[in-house]
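Visitor: Take this structure, written in structure tokens, and hold onto it; I'll ask about it next.
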């Protein structure tokens, strides 16, 4: 039975397949472990990112707080599902993608913690979300009905979260462009000594 050939330590990086730009994926975790890791990660991200909303809603009724908490939980569960479902996808192994995710969501959490940056950022998206959903719940301004307050807050939270994700997606594209250029430059820099050696040998 033939043995696989070992990697050539003297091979030029320029001769390596473009697929080598992807980091070697770690051994796959069991499904239960992967779900637990993803859940901890995204519940933490969503919880910290919602700090401005937690502060704003601290004096609201239980129905309003419950609607907001439910919306945040739905986003955390959705992120967890997507994370686990795509954990072995080849795009997730790209260095530029990994660093884009880390920087994008790290920035989001940092903005949420910093006062008043987080409040300003969330406030504008929240105002747009309230305006978009107020037409559906006009009766709330006339009748103090807790289930309606819960539903209105839940939908507003979901709309606001979608708006924030759209803003993050735009920011993430910029971060991805920078990361891609950086790693492409690193790769060219690693190949440069071998290229010079080839020219010297001509």
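Every read-out reported here was derived from the displayed coordinates using simple, explicitly stated rules and does not represent laboratory data. A quick note: this is a predicted structure, and the numbers were derived from the prediction, not measured. Backbone-built Cβ (ideal geometry, glycine too); neighbour counts: all protein chains shown.
Visitor: If one computes the Cα centroid of the stretch 151-187 and of the stretch 70-118, what distance in Å separates the two points?
Guide: A separation of 9 Å, based on Cα centres.
Visitor: Stretch residue 136-residue 190 to full length: gain in nm at 0.36 nm per residue minus the Cα-Cα span?
Guide: Using 0.36 nm per residue and subtracting the Cα-Cα distance, I get 13.6 nm.
Visitor: Given R₀ = 30 Å, what would the calculated FRET efficiency be for residue 40 paired with residue 123, taking r from the Cβ atoms and rounding to 0.05?
Guide: Computed FRET efficiency for residue 40 and residue 123 comes out at 0.55.
Visitor: Still on this structure: Got the relative contact order for the stretch 31-186 handy, in percent, Cα pairs under 8 Å and 6 or more residues apart?
Guide: Contact order relative to length: 35 percent.
Visitor: Still on this model: In nm, what is the difference between 0.36 nm times the number of residues separating residue 169 and residue 107 and their Cα-Cα distance?
Guide: Additional length available on full extension: 21.1 nm.
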